[in-house]
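Okay, structure first, notes after.
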Amino acid sequence: TVLKATGGKMMIGILSWVVTGIVMIICTYTFGIVAGRHEGVDSLVGYTKAYCGKNYAYYMGWFMSTIYYPALVSVLCWLPARYLGVLIGGEVWGNPTSAPVMTLSVVFMVLTYAMSALAPKLAGKFQISTTAIKLIPLLLMAVVGTIAGLANGQITYNFANIVDPSVAPTTGLFAGVVALSFAYEGWICATSIGSELKDAKRNLPRALVIGAIIVVAVYVAYYVGLAGALDSTV
């Protein structure tokens, strides 16, 4: 999507990842400072209450519970259903809004909710495991794709040539940032476990900022590797 949005301009695509990532790093650093100043206070609602009062926190709680979390969870349940549908193949499963795909999304949502409600420790281990598992293909694509791209000259070609010159740099950058606006989402949920951490005043800010930097670095490396593994002339 970023390659298409930027017209195949590698530097603009990388800049899109970096700009969006910097926004996330700034946000995580800000919340890290807030978490350090209000030890024992959890989540965005708790921070809002500490700074803006109970009434504003009440509205923030409603926003998080009726808009933010439902939107985030529904997308995260739809994506694996969509990917599984593509893997299965066929006209019905290939349609991202078909009944089988949407039904499978609901099944994923029910299963994850049941696991979180009935076995929270298992849910925590599952979350850590899936995060680590997700990093494996990203890093593999970053390393293998970069090596392959350097070997066949594709990465050099990508940096030296523009696939679609009609896309202006500023337009491509904006389109790339918009396409990536969801890629870094979800980190705010980590603030809800502040009271469960040892020395949260010190460890939560570190976890937020260091984790954000790692994610940005991995995604940029993945993008370069992905572009190196693809034939941009097609």
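The values are calculated or read from the model by the stated rules, or taken from the named source; none is laboratory data. Quick caveat, the model's predicted, so the values are computed rather than measured. We work out accessible area using only protein heavy atoms, side chains counted, and drop any ligands, DNA or RNA first. Shrake-Rupley method; radii C 1.70, N 1.55, O 1.52, S 1.80 Å.
Listed by chain and number, the lysines whose alpha-carbon sits under 19 Å from that of residue 134, ignoring those within fewer than 8 places in the same chain, are 125.
Hey, what's the chain come to in accessible area per residue, 1.4 Å probe, Å²?
Working: 14220 Å² over 234 residues.
Normalised by residue count, the accessible surface of the chain is 61 Å².
Tell me, how many Å apart are the Cα centres for the stretch 133-179 and for the stretch 40-110? One Cα centre to the other: 29 Å.
Comparing 60, 24, 141 in a Gaussian network model of the chain where C-alpha atoms under 10 Å apart are linked, the largest mean-square fluctuation is found at 60.
When the helices in the chain are scored as -39500 (n - 2.57) per DSSP H run of 4 or longer and the sum is shared across all residues, what 222 nm value do you end up with, to the nearest 500 deg cm²/dmol?
Values: 11 runs with 177 residues, N = 234.
Dividing the helical sum by the residues of the chain leaves -25000 deg cm²/dmol.
Give the relative contact order (percent, whole number) for the stretch 1-127; include only Cα pairs under 8 Å separated by 6+ residues. Don't skip to the end; give the middle numbers.
Working: 66 pairs, mean separation 14.6, N = 127.
Once normalised by length, the contact order is 12 percent.
Only one of (i) 39, 19, 15; (ii) 30, 21, 15; (iii) 34, 24, 18 was calculated from the structure for semi-axes √(5λ) of the Cα gyration tensor in Å, and its label is (iii).
Hey, any idea what % of the chain's accessible area is carbon plus sulfur with a 1.4 Å probe?
Numbers: 10210 of 14220 Å².
Using a 1.4 Å probe with all protein chains present, the chain comes out at 72 percent carbon and sulfur.
For residue 178 and residue 29, the difference between the fully extended length at 0.36 nm per residue and the C-alpha to C-alpha distance is 51.5 nm. Picking from 201, 49, 134, which is most flexible by a Gaussian network model of the chain using Cα springs under 10 Å? Highest fluctuation of the listed residues: 134.
Apply the membrane-span-like helix rule to the chain: whole DSSP H runs, Cα extent along the own long axis of at least 27 Å, mean Kyte-Doolittle hydropathy at least 0.5. List the helices found.
Working: long enough: 10-37 (41 Å, 1.76); 69-88 (29 Å, 1.49); 99-118 (28 Å, 1.81); 120-152 (48 Å, 1.12); 200-229 (43 Å, 1.32).
Helices meeting the criterion: 10-37, 69-88, 99-118, 120-152, 200-229.
By the rule of a C-alpha distance below 21 Å, with chain neighbours fewer than 8 residues away ignored, the lysines paired with residue 201 are 49.
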